[in-house]
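Below is one structure; the comments refer to it alone.
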Amino acid sequence: MFDVLIIGGGVIGCSVAKYLSEYQLKIGLLEKASDVCELTSKANSGIVHSGIDAHPGSLKATLNLQGNQMMESFCKELDVPFIRNGSLILCFEESDYPDLLRLYDQGVKNEVPGIKILNQEELLQLEPNLNPHVYAGILAPSGGIVDPFKLTLMQAEVASTNGVSFFLQTTVFYIQKKQDYFQVETSKGVFQAKLIVNAAGIYADEFNNQVSNHILKIIPRKGEYCLFDKQVGSLVKHTIFQLPTPLGKGVVVTPTTDGNLLLGPTAYDILDKEDISTTVEGLKFVVEKGKKTIKEVPMSFVITAFAGLRATEANGDFILGESQDVPNFFNAAGMESPGLSAAPAIGVYLGNQITTKLRAKKKDHFVTRNKSVVDFDKLSLTEKARYIENDHDFGQIVCRCELVTLAQIKEAIHRPLGATTIDGIKRRTRAGSGRCQGGFCSPRILDILSKELHKDPKEIAKSSEQSTYLVGLDKELL
Amino acid sequence: MRNVDVCIIGGGPAGLAAALSARKEGIENILILERETFLGGILNQCIHNGFGLHTFKEELTGPEYAARYVQMVEEASIPVLLDTMVIDISKDKVVTAISPQAGLIQIQAISIVLAMGCRERPRGALNIPGFRPSGIYSAGTAQRYVNIEGFLPGKEVVILGSGDIGLIMARRMTLEGAHVLMVCEILPFSGGLKRNIVQCLDDFNIPLRLSHTITKIHGKYRVEGVTVQQVSLDKTPIAGTEEFVACDTILLSVGLIPENELSRKAGLKIHTTTQGPLVNDRFETSIPGVFACGNVLHVHDLVDWVSQEAEFAGQFAAQFVKLGSQISRLLPIVCGYGIRYTVPTTLCIDSMKTLTTVRFRVTDVFKDYYLDVFVGQVRVSHQKKRIVAPGEMESILFKKHWLDSKTEDEEITILLQKE
């Protein structure tokens, strides 16, 4: 019997797990994918929003602001890349200016620090590659960017180190409320827990509706993105939005913490919760909208496109806390934007409620800090030399585009909650996320994974078990 | 810091030929840096035949062609550092490299020859919509799995792009037991060599679908199929021609890009079309003493031309060590009608060789055209070309005397004309 079972290994589930792992609780986390950070948490803009556009007084507004304030020290403790690069919200017509002012007023109401209105000249001075026809904009200096993979992974690792049991490739089928506990049927057997945290992203409504009469309805809202080579990563310095639409914050042009340029997302509601495919129309839309923000979209530098699904709940706000009719069933549902920005604050917000409810006591010993796999590329020459001297595997480059070494790949495999897949390696080290997109390094990483994990190369997968690469030996099928 | 006269970045066919010719020019202190644990570069995984017809007057496989050069380099006792990856080249020609054994090393060179080769364009560069499952490989990655590691990466295969590696892999996958359903080419003609279309597709009854492309990838985990669609001349998919083709594997042979991250870091000027460094007739880049040859300069169809080009680059690199820069007045070569790019892009009026090979590619398929060369307003060459195509690299022997009494304010134009 677990004290707490968390359903979902995304950024929210992992934030809650990290917070609770400091307490004397028996905690399990169930994740259907082969790794944490596999769904919405891996396919988003990686933006830490300033909090301007959340509705004043909403949970989104409060927790976004808190998350934003916490992010810097939180990321420092966990060794997660975070840059407070500031964000801009642009309007292009005089007729849109009143809407921009309204947004500014809302920002003031939300107590977003340091925001100001900039005119065309000031904007172009700040960002010379903007569309010269920009009319005006809001600068929000507290806006930032974060590595969404690391934000999830590093929290998960801390939780795991503090004793949280992670059950990967464990699909939850059904949750049943018993007398004073929950019974959870999964693909890996039956689990029991006193308390459930439903952080199942786009599936959070299904689990809620299995136990509660307060029905939730989550609609997957697809967002498609184009990612560009680091060569054009410094085209803009700020995260640049256009005036928001009812469906979302519109298409963003932003640098990433790794130095790439990112354009996206689209925002349209779909029916299929599994549909993370990109579309011709979507990618075209992103590029068209991007062209409005910046002078020129450097199409010859696109390295990949991807899509993610936001978990949009009909009421428009986060649904956080204990279910009204099911004691000890805690929801973290409707985690669309600004879910990533708010994640550290949500961990505290929900974690607090849960530890109070369970009257949990802090452990005597637990860790709060984490250290990421070293980024060899960013080391100075002297440091590089020292690293290779101490471990020859640092002298062996596996991913040429991102300069990732054998030592880093091996470490990514052998860390707590280590990588078991090609995508897992990519999110932990960036191997394969450069301009050749794994063309060169993926056979090598497959080989390293197979050796380090003592697995048949044919079993090594991209992400889920079914996504393997090799079908047999040469001539085996003849 | 180690001092080297000629430092060669890359031990593939270009680097090896450059090293040998620098040695022939009398340079003793040469160093080849190779990131793999063996010399020969990508030739080692090109186990098919068709190499060396021009260089050795016989047909060799890739590894055989490489082995001949490796042997010559060994016989000449040219120093090589294997398993050594260059991570930086500075403007003042300091080369920084790392290796597991030697750690971090720095080399001060007088001449540098860039011979890093090229890499394949990935799916992302094409923005093909759909899911991102496993089962999508660049043709070269699949070639590595099959030819080096002994694994078959798929059973039912659709190949996108009819570049030479794609064609070669269509045959290889078939021979190794996979079923190649088709090769789709977005252009109305193939970018590969004619002989490869005959020997790799026709001989195995593999259909080549010209003016067709993949417009969607299906399958959430592993590829389950593709939507193949006909395209118009401007490459726009034509509605109503969508066809679902079930397959578990997609091979992409959609172009090669010279690998010039180091060149960019060093601040070399890069050609916007070839994505290789801009060079003059001595294969010298925008930094005096830094030379480039082979696929890092522009993508070749035949390794024989790589070797030939590299031999010159090595020779010029050696001369730079002995004599310093030889470059004075440069005339630009302008691409006229039908010419996509030329290598080199400038010729030195004073120091160019009596005969200099100018290589180029054309923009389209042209039948019965004349290849004309103008210096200023004067036509200096007029050659009939029965057929030229983008897939086959062309060349012209440029005569030094064409530039006699010319000045720097003139330019050279190469173009195709009907008459």
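Values in this text are rule-based calculations from the coordinates and carry no lab data. All values derive from a computational prediction rather than experimental measurement. Cβ coordinates were reconstructed from backbone atoms using ideal geometry, including for glycine residues, and neighbour counts include every protein chain displayed.
Of note:
- Between the stretch A:245-307 and the stretch B:67-134, the Cα center-to-center distance that results, in Å: 34 Å
- Isotropically averaged projected area of the stretch B:195-282, using the convex hull of Cα atoms (one quarter of hull area), nm²: 10.1 nm²
- Full extension of the segment from A:E77 to A:L478, taken as 0.36 nm per residue of separation minus the current Cα-Cα distance, would add 138.8 nm.
- Under 5 Å from the amide H of A:T186 lie the amide H atoms of A:F173, A:F191, each residue being 5 or more positions distant or on a separate chain, with H modelled from the backbone and absent for Pro and chain starts.
- FRET efficiency, 1/(1 + (r/R0)^6) with R0 35 Å, evaluated for A:M299 and B:V334 via beta carbons: 0.85
- Equivalent-ellipsoid semi-axes for the stretch A:75-155 (Cα gyration tensor, √(5λ), whole Å, largest first): 29, 16, 10.
- Paramagnetic label reach from B:L415 (point 7 Å along Cα→Cβ; backbone nitrogen cut-off under 15 Å): within the stretch B:321-345, residues B:333-341.
- Rel. contact order, % - alpha carbon contacts under 8 angstrom, at least six apart, the stretch B:328-419: 39 percent
- FRET efficiency, 1/(1 + (r/R0)^6) with R0 25 Å, evaluated for B:E242 and A:E274 via beta carbons: 0.70
- Sequence-distant aspartates and glutamates (8 or more away, or on other chains) whose Cα lies within less than 15 Å of B:K385: B:D364, B:D368, B:D372, B:E394, B:E419
- Amide hydrogen neighbours beyond the local backbone of B:S381, cut-off 5 Å, H modeled: B:V373
- Computed from label points 7 Å out along Cα-Cβ, the spacing between B:D364 and B:K385 is 1.3 nm.
- In chain A, Cα pairs under 8 Å separated by at least six residues give a relative contact order of 20 percent.
- Peptide B:130-140 - average C-beta neighbours from other chains (10 Å radius): 6
- Residue exposure proxy: A:C75, A:C226, ordered by other Cβ atoms within 10 angstrom of their Cβ from fewest to most, comes out as A:C75, A:C226.
- Structural size metrics of the stretch A:376-459, computed from C-alpha coordinates, are Rg and Dmax of 12.4, 40 Å.
- Note on the stretch B:171-310: antiparallel DSSP beta bridges, both residues inside, total approximately 80 percent of the bridges counted.
- Residue order, fewest to most beta carbons within 10 Å, for A:M70, A:M1: A:M1, A:M70
- Global dimensions of the stretch A:221-360 from alpha-carbon coordinates: Rg and Dmax equal 18.1, 57 Å.
- Diffusion coefficient of the stretch B:90-129 by Stokes-Einstein, Kirkwood radius over Cα pairs, 20 °C, 1.002 mPa s: 160 µm²/s.
- If you take the Cα centroid of the stretch A:152-215 and the Cα centroid of the stretch A:379-427, the two points sit 33 Å apart.
- Treating each Cα of chain A as one equal point scatterer and applying the Debye formula with no solvent, the log10 of I(q)/I(0) at q = 0.06, 0.10, 0.12, 0.13 Å⁻¹ comes out as -0.27, -0.76, -1.09, -1.27.
- Antiparallel bridges, percent of DSSP beta bridges restricted to the protein assembly as shown (to nearest 5): 65 percent
- For the stretch A:391-456, the relative contact order comes to 31 percent (Cα pairs under 8 Å, sequence separation of at least 6).
- Anchor A:K357: lysines whose Cα lies under 22 Å away (excluding residues fewer than 8 positions away in-chain): A:K18, A:K26, A:K177, A:K178, A:K194
- Counting only DSSP beta bridges whose two residues both lie in the stretch B:122-254, roughly 40 percent are antiparallel.
- Other-chain or far-sequence residues with amide H under 5 Å of B:Y337's (modelled H): B:L416
- Extension gain (nm, one decimal) between B:T357 and B:E28, 0.36 nm per residue minus Cα-Cα: 115.7 nm
- Peptide-level mean, for A:296-309, of C-beta atoms on other protein chains within 10 Å: 3
- For the stretch B:328-419, the share of alpha carbon pairs falling in successive 5 Å distance bins from zero is 3, 15, 27, 26, 16, 9, 4, 0 percent.
- Note on B:210-222: average number of Cβ atoms from other chains within 10 Å of each residue's Cβ is 3.
- Taking 29 Å as the limit for the C-alpha separation, the pairs B:K194/B:K418; A:K222/A:K291; A:K109/A:K273 exceed it in the case of A:K109/A:K273.
- Per-selection Kirkwood Rh - the stretch B:122-254 (Cα, Å, 1 d.p.): 14.4 Å
- Within straight-line cross-link reach of A:K371, aspartates and glutamates at Cα separation under 13 Å, skipping those fewer than 8 residues along the same chain: A:E77, A:D79, A:E157, A:E411
- Too-long pairs where the Cα-Cα distance tops 30 Å, listed order kept, from A:K42/B:K216; A:K230/A:K462; A:K361/A:K462; B:K24/B:K406; A:K150/A:K362; A:K60/A:K362: A:K361/A:K462; B:K24/B:K406
- Rg and Dmax [Cα atoms of the protein assembly as shown; Å; Rg one decimal, Dmax integer]: 29.5, 102
- Among the trypsin sites (Lys or Arg not before Pro) within the stretch A:272-379, those in coil by DSSP and having at most 15 neighbouring Cβ atoms inside 10 Å are A:K295, A:R359, A:K361, A:K363, A:R369, A:K371.
- Kirkwood-based shape ratio for chain B, expressed as Rg/Rh from alpha carbons: 0.98
- Packing-based ranking of B:177-183, B:334-340 yields B:177-183, B:334-340, ordered from highest to lowest mean Cβ neighbour count within 10 Å.
- If a spin label sat at a point 7 angstrom from the Cα of B:A76 along the line to its beta carbon, the backbone N atoms of the stretch B:288-308 nearer than 13 Å would be those of B:307-308.
- Label point at A:Q192 placed 7 Å out along Cα→Cβ; residues across the stretch A:138-175 whose backbone nitrogen lies under 19 Å: A:165, A:173-175
- Segment B:I47-B:Q106, length gained on full extension (0.36 nm per residue, minus Cα span): 17.8 nm
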